[in-house]
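Q: Quick one: the structure is below, and I'll ask about it shortly.
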Amino acid sequence: MKKLLRDRAGGISIIFIGLVFILLLISFLIMEMGAAYENYYDSETILLRCCNSAVEKEISDAYRADNILHLDVSAATADFKSYLASDMPDKYTVKINSITGTATPPALTVTGTVTFSTLFHEYSFDDVSFNFTVKSTNYRTE
């Protein structure tokens with residue numbers, strides 16, 4: 001081992017620098033994957049919160065005393081879109097494919113695609129996209 005370390009050709013130094021570079025590259029990739037997962041979780045949380053808020057707001061309280069829940073689906077759809085426009089940060093691009101709802105039981109289902117860029121976008125890589133489906137149903141009568 002001492003003979004390899006005293007070698008004046010510099011081979012060990014190049015191997016050491018190469019290993020450090022590979023370790024830094026792997027750690028950078030792991031951190032970037034963590035950031036992409038955090039963006040995914042953040043956007044999905046906002047979408048679910050918007051869906052839950054829209055359903056909760058548009059349930060008609062006139063029927064709750066009789067244990068009947070009725071949802072105004074068109075108003076819930078409009079509320080979902082307005083909540084999404086105000087709550088979703090600009091770094092996300094949301095494309096809604098469909099919004100379906102039922103009046104009884106009160107349910108709203110939204111499907112679509114969320115796109116956001118990563119650090120690799122600077123190097124001409126595509127943005128990260130994922131499909132989502134969020135659903136909110138409310139059975140509470142109190």
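Q: Considering (1) aliphatic (A, V, I, L, M); (2) under 30 Å from Met31 (Cα atoms); (3) modelled with pLDDT of 85 or more, say which one Ala54 fails and leave the rest.
A: (2)
Q: OK, next. So which pairs qualify, if the first residue must be in region 31-46 and in contact (Cβ under 8 Å) with a residue 24 or more places away in the chain and under 17 Å from Lys95 (Cα atoms), the second must be open to solvent by 60 Å² or more (accessible area, probe 1.4 Å) and in a helix (DSSP H, G or I), the Cβ gap must be under 6 Å, and the two must be at least 6 apart or on different chains?
A: Ile46/Asp87
Q: Residues that are open to solvent by 60 Å² or more (accessible area, probe 1.4 Å) and free of Cβ contacts under 8 Å to residues at least 24 places away in the same chain: which strands (runs of 3 or more DSSP E) entirely in region 71-142 hold 3 or more of them? Give the derivation first.
A: Values: elements: 92-102, 107-116, 128-137.
Filter on region 71-142 gives 92-102.
Q: Let me ask something additional. Identify all residues within region 18-64 that are over 23 Å from the mean Cα position of the chain (by Cα) and either buried (at least 16 other Cβ atoms within 10 Å of the Cβ) or closer than 30 Å to Tyr139 by Cα (or both); write none if there are none. Show your work before the answer.
A: As a first pass, look at region 18-64 and keep what is over 23 Å from the mean Cα position of the chain (by Cα): 18-26, 57-64.
Lys57, Glu58, Ile59, Ser60, Asp61, Ala62, Tyr63, Arg64 - these are the residues of region 18-64 that are over 23 Å from the mean Cα position of the chain (by Cα) and either buried (at least 16 other Cβ atoms within 10 Å of the Cβ) or closer than 30 Å to Tyr139 by Cα (or both).
Q: Step by step: first the residues of region 96-142, then only those that are over 21 Å from the mean Cα position of the chain (by Cα) and of a type in the set (Phe, Trp, Tyr), then the one that is farthest from Tyr40 (Cα to Cα). Which residue is that? Steps first, answer last, please.
A: Taking region 96-142 as the starting set, the residues that turn out to be over 21 Å from the mean Cα position of the chain (by Cα) are 101-107, 123-124, 138-142.
Next, from what is left, pick out any that are of a type in the set (Phe, Trp, Tyr): 123, 139.
Values: Tyr123: 21, Tyr139: 28 Å.
Across region 96-142, the extreme among qualifying residues is Tyr139.
Q: Scan region 55-77 residue by residue and report those that are closer than 25 Å to Asp42 by Cα and in contact with a helix residue (DSSP H, G or I) (Cβ under 8 Å, 6 or more places away or on another chain).
A: At the first step, the residues of region 55-77 found to be closer than 25 Å to Asp42 by Cα are 55-58, 76-77.
Once the filter is applied, which keeps residues that are closer than 25 Å to Asp42 by Cα and in contact with a helix residue (DSSP H, G or I) (Cβ under 8 Å, 6 or more places away or on another chain), region 55-77 yields Val55, Lys57, Glu58, Ala76, Thr77.
The values are calculated or read from the model by the stated rules, or taken from the named source; none is laboratory data. Owing to the predicted nature of the structure, the values given are computational and were not obtained by experimental measurement. Note: ideal-geometry Cβ built from the backbone for every residue, glycine included; neighbour counts use all protein chains shown. For the accessible areas, the whole protein counts, side chains as well, though only heavy atoms, and no ligand, DNA or RNA atoms are used. Shrake-Rupley method; radii C 1.70, N 1.55, O 1.52, S 1.80 Å.
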